[in-house]
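Chemist: Following this message is one structure expressed as structure tokens.
The values are calculated or read from the model by the stated rules, or taken from the named source; none is laboratory data. Quick caveat, the model's predicted, so the values are computed rather than measured. Neighbour counts are summed over all protein chains in view; Cβ atoms, including those assigned to glycine, are modelled from backbone coordinates with ideal geometry. Note: accessible area is taken over every heavy atom of the protein model, side chains too, but ligands, DNA and RNA are not part of it. Shrake-Rupley method; radii C 1.70, N 1.55, O 1.52, S 1.80 Å.
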Amino acid sequence: MARLTMRRGPYSGRVYQITKEVTTLGRGNKNHIIIEDYEVSRHHCRFIQVMNDYEIHDLGSVNGTFINGQRLEGSRLLRTSCLIELGNSITFEYDPEHTETQPDGDTQPEEKHPYLVVVRGTDPEVVFKLTDETYTIGRDLANDIVIQDPEVSRRHVKMQKKPQGYLIEDVGSTNGTWLNGTRLSVAEQLHPGDIIKLGAQVRLHYTMQPSDVRHKPAPIDFKAREDTDEYRVQFQANDTDTLKRNIIGSSVQTKTSKLGTGLLPGVLENHVFIAYSRADWQVVAPMVMYLQDAKIDVWTDQYLTEGSKDWMAAVEQALRECWLMVVVVSPTAMRERQVRLKHHYFYNREKPIISLIYRPVPQLPENLKKSRQKIPFDKDNPEKVYKKLIFEIMHNRR
């Protein structure tokens, strides 16, 4: 009998048995498994028995179904310890509960070790075998496990081996550590199947069977959104509703999900807002790390699903609270409506804007053209560019 264990969501820890040849899951009350959460569509996905295993099919859900960090297109045969995510706030672990054959008397049982598998982050294929007594995890190269992501602190967490397994402890990280959706405040015991989140972007899976979760994710489609508006958006100084309608494309309430934005009120007041196209993340990520190393607080929306309610709420808060904006200029970014509206917002409130010209454009938007702070990007000497950017930010600091 197969089962789903909710690792993150409104009923964390609850186990759902899959016993039928076809099992449906969704928010609607006619499903076999009902999950009452707005991230879940009325008819979200279904499980179809194939011999002793199950395939999962997405049913055209609004927020998507993800298997080990990879968006499900069509169907996928599920394996032991697969992570199934519904939208941005629900995570299940799949277990087929097969009866395993016992080894012959002459066969030595395989020595088992726990592993950490990077499910989401800059290196989503990496597997770390855990055998030592202690491990430190962080961005600095001196750590035992190095994860070079801007959301990860130089020294983020510590793991210590105990008779019953590893304990994990946050060691004063900037962006926090979560275990199965709960923020760590004290050392906690790890169990197979646990999900560790570093900051809001990096996710690790603690498991005894790494082969079942080590799948290379499909490349993210970073194709720029074409601007189909037939008119230029006139963004007024206090028109937050216009921001809501035009960044997402419809009028929405920005109530956050149970996962949330990860932001407390007022926490971004000393931060620099980075406005960019996600297609340009390859230049934004090292720039963010360089600024953080220079003790400059920065905020990007990369850790949130673009267009989600959590993303919208976080963007609104960041626009209100951040004191300076760096716009990463490229043809792709200048075509994206959400980038344009962000720098309009800052311009209309007379907040300082620095334009980093990553790729030249035929014509800068009028409000960026009026800004005297324009820094051309030099791909042969990016460090020089980042130092210039730091100087301009310091010059503008209140």
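Chemist: Pairs please, first residue from region 372-394 and more than 20 Å from TRP299 (Cα to Cα) and free of Cβ contacts under 8 Å to residues at least 40 places away in the same chain, second anywhere and assigned to a helix (DSSP H, G or I) and open to solvent by 40 Å² or more (accessible area, probe 1.4 Å), Cβ atoms under 7 Å, 6+ apart in sequence or on different chains.
Modeler: Partner pairs satisfying both residue conditions: ASP378/LYS384.
Chemist: If you don't mind, there's one more thing I want to ask. Which numbered condition trips up LYS295, out of (1) open to solvent by 30 Å² or more (accessible area, probe 1.4 Å); (2) assigned to a helix (DSSP H, G or I)?
Modeler: So the condition that LYS295 fails would be (2).
Chemist: If you don't mind, another one. In region 350-374, how many are part of a helix (DSSP H, G or I) and open to solvent by less than 60 Å² (accessible area, probe 1.4 Å)?
Modeler: 2
Chemist: Okay, moving on. Within region 224-238, identify whether any single residue is acidic (Asp, Glu), open to solvent by 40 Å² or more (accessible area, probe 1.4 Å) and at pLDDT 85 or above, and answer yes or no.
Modeler: Initial filter on region 224-238 (acidic (Asp, Glu)): 226-227, 229-230.
Subsequent filtering for residues that are open to solvent by 40 Å² or more (accessible area, probe 1.4 Å) retains 226-227, 229-230.
Checking the rest, the ones that are also at pLDDT 85 or above come to none.
There is no residue in region 224-238 that is acidic (Asp, Glu), open to solvent by 40 Å² or more (accessible area, probe 1.4 Å) and at pLDDT 85 or above.
Chemist: Within region 267-277, can one find any residue that is in contact (Cβ under 8 Å) with a residue 12 or more places away in the chain, within 20 Å of the chain's Cα centre (by Cα) and surrounded by fewer than 20 Cβ atoms within 10 Å (Cβ to Cβ)? If you could, list the steps in order and put the result at the bottom.
Modeler: So the first thing to find is which residues in region 267-277 are in contact (Cβ under 8 Å) with a residue 12 or more places away in the chain, and the list is 267-277.
Cutting the leftovers down to within 20 Å of the chain's Cα centre (by Cα) gives us 267-268, 271-277.
Going one step further and asking which of them are surrounded by fewer than 20 Cβ atoms within 10 Å (Cβ to Cβ), we end up with 267, 271.
Scanning region 267-277, I find at least one residue that is in contact (Cβ under 8 Å) with a residue 12 or more places away in the chain, within 20 Å of the chain's Cα centre (by Cα) and surrounded by fewer than 20 Cβ atoms within 10 Å (Cβ to Cβ), so the answer is yes.
Chemist: Also: Which of the residues spanning region 298-335 are open to solvent by less than 20 Å² (accessible area, probe 1.4 Å), in contact with an Asp or Glu (Cβ under 7 Å, 6 or more places away or on another chain) and of a type in the set (Asp, Glu)?
Modeler: Those that are open to solvent by less than 20 Å² (accessible area, probe 1.4 Å), in contact with an Asp or Glu (Cβ under 7 Å, 6 or more places away or on another chain) and of a type in the set (Asp, Glu): none in region 298-335.
Chemist: Moving on to the next point. Pick from TYR290, TYR347: which is of a type in the set (Phe, Trp, Tyr), within 26 Å of the chain's Cα centre (by Cα) and either crowded, with 19+ Cβ neighbours inside 10 Å or not in a helix (DSSP H, G or I) (or both)? Reasoning before the result, please.
Modeler: Working: TYR347 fails: within 26 Å of the chain's Cα centre (by Cα).
Only one candidate qualifies: TYR290.
Chemist: Return yes or no: is GLN189 at pLDDT 90 or above and open to solvent by 30 Å² or more (accessible area, probe 1.4 Å)? Explain how you work it out, then say what you get.
Modeler: Values: at pLDDT 90 or above: yes; open to solvent by 30 Å² or more (accessible area, probe 1.4 Å): yes.
Yes: the conditions hold for GLN189.
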